[in-house]
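Undergrad: Below: one structure in C-alpha cells.
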C-alpha cells in the first residue's frame, strides 16, 4: 500500500521546499547538514544526512569515525576503488552515490559486492539530466546491471531549490521508461527502498 | 482391369481425405498458436486514441497556454526525438491561468512519455516552475471536470 514518498537527499531546506514536498505527498526527507538530527514537522519528517567523499580507505575510515552519532543517513561518494570497496562493506554507510565522478569506480565487482552486503545505490536524478549523453549512457549501463542483480536503487533529487524537487509520479514514469522496468518496481526507488534505509536507522515514517 | 482402376480411384480418394484431414488439423493448430502468441495479421494501423493529462503549474510567474505548449514540445523533442513528437503530438488544449491548471492532449500510446516529460521542465522563460500531473482521462469532458473539481 502506498503511504507516501521519501527523498533521501536535499541540499537545502526552507519554507518553500517544505510546502512543495508536502503538496507532492512526501512523508520524509533527508537534508544534508541539517541543524537537527531528526525533526518531526507536521506532515513531514526531516533527518540529517552526511555525504562523504573519499579517495582511499584511510581517508574514508577517518571521515566515518563517529559519524553515526550526529547523522542518520550516511552516503559515500567513492573517488577511488579502495574507498568504493570499503564503503560497500562498512555498516555505517547507508548508500553509495553514483554520479559523473564516481561512476568509474562502480563496476561489476563493486556492484556484486554491494549486492552481497545489501548496500543500495543512490542516483541523483537532477544531476543525471545535466550529464552528457556519453555519461548518461554509462550510468544507464550500470543501472541496468544493478537491476539485473536486484540491487536496491534509490532516486534522490539533490534539490537546493523548491523547483528541483522530484515530482513522484513523473519520476516513476521516467525511470520506468529509462530502465525499461515495470512501474511498480520503479515506484520502489522512491518509496520502499528509502523507507527501508530509514527504518534500519530507527526512523519510523509509517 | 476395371477392378484395379476402381481400386486406384478409391485409394486416391482415401489419400485425398487423409491429406485434407491433416491440413485441417494443422490449420487449427496454427490458429491456436496465433491466438496463444497473440500474433495479429493486421496491416492497417490502429486508430489513434487520445489521452488527456490534467496538470498543475506550480510557480510564481504568469504563463500562458502557448508558452507552456512550446516548453513541453521543445523538451519532448530534446529528450525523445522528433519522430516521437510527430506521433504523440502533445498539445496544451486548455489552460486556466487563475487555477494554474491545464490539459495536455497526447496520443494514447505516448501517455507514459508525456507524464515523464513533465518532470523534466523546471524553467520556462526564466520562470521557475513545476508541472505536476494530476490525472489522466480518456475524454475531454472528464478532464475538464477533474480540472475544475479536484483540489490539491
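Undergrad: Just for the range A:7-44: of the residues that are in a strand (DSSP E or B), more than 15 Å from residue A:156 (Cβ to Cβ) and in contact with a helix residue (DSSP H, G or I) (Cβ under 8 Å, 6 or more places away or on another chain), which one is farthest from the other protein chains (Cβ to nearest Cβ)?
TA: It comes out as A:41.
Undergrad: I would also like to ask the following. Quick check on the range A:189-205. Is at least one of its residues modelled with pLDDT of 90 or more, within 12 Å of chain B (Cβ to nearest Cβ) and not in a loop (DSSP other than H, G, I, E, B)?
TA: The answer is no, given that none of the residues of the range A:189-205 is modelled with pLDDT of 90 or more, within 12 Å of chain B (Cβ to nearest Cβ) and not in a loop (DSSP other than H, G, I, E, B).
Undergrad: Inspect all residues belonging to the range B:70-85 and state whether any of them is out of contact with any strand residue (DSSP E or B) (no Cβ under 8 Å at 6 or more places or on another chain), in a loop (DSSP other than H, G, I, E, B) and either modelled with pLDDT of 95 or more or under 23 Å from residue A:128 (Cβ atoms) (or both).
TA: Yes.
Undergrad: Turning to a different aspect of this structure: Pick out the one residue from B:73, B:47 that is under 28 Å from residue A:17 (Cα atoms) and without any contact (Cβ under 8 Å) to a residue 24 or more places away in the chain.
TA: B:73
Undergrad: Would you check if residue B:94 is within 14 Å of another protein chain (Cβ to nearest Cβ) and touching a strand residue (DSSP E or B) at 6+ places or on another chain (Cβ under 6 Å)?
TA: No: the conditions fail for residue B:94.
Undergrad: From the list B:109, B:48, which residue is in a loop (DSSP other than H, G, I, E, B), surrounded by fewer than 17 Cβ atoms within 10 Å (Cβ to Cβ) and in contact with a helix residue (DSSP H, G or I) (Cβ under 8 Å, 6 or more places away or on another chain)?
TA: B:48
Undergrad: Can you tell me which residues in the range B:106-140 are away from chain A (no Cβ under 14 Å) and within 22 Å of residue A:183 (Cα to Cα)?
TA: B:107, B:108, B:137, B:138
Undergrad: Hey, could you check the range B:112-132 for residues that are out of contact with any strand residue (DSSP E or B) (no Cβ under 9 Å at 6 or more places or on another chain) and outside any loop (DSSP other than H, G, I, E, B) and say which is surrounded by the most Cβ atoms within 10 Å (Cβ to Cβ)?
TA: The extreme case among them is B:116.
The values are calculated or read from the model by the stated rules, or taken from the named source; none is laboratory data. Quick caveat: nothing in here was measured; it's all calculated off a predicted structure. Neighbour counts are summed over all protein chains in view; Cβ atoms, including those assigned to glycine, are modelled from backbone coordinates with ideal geometry.
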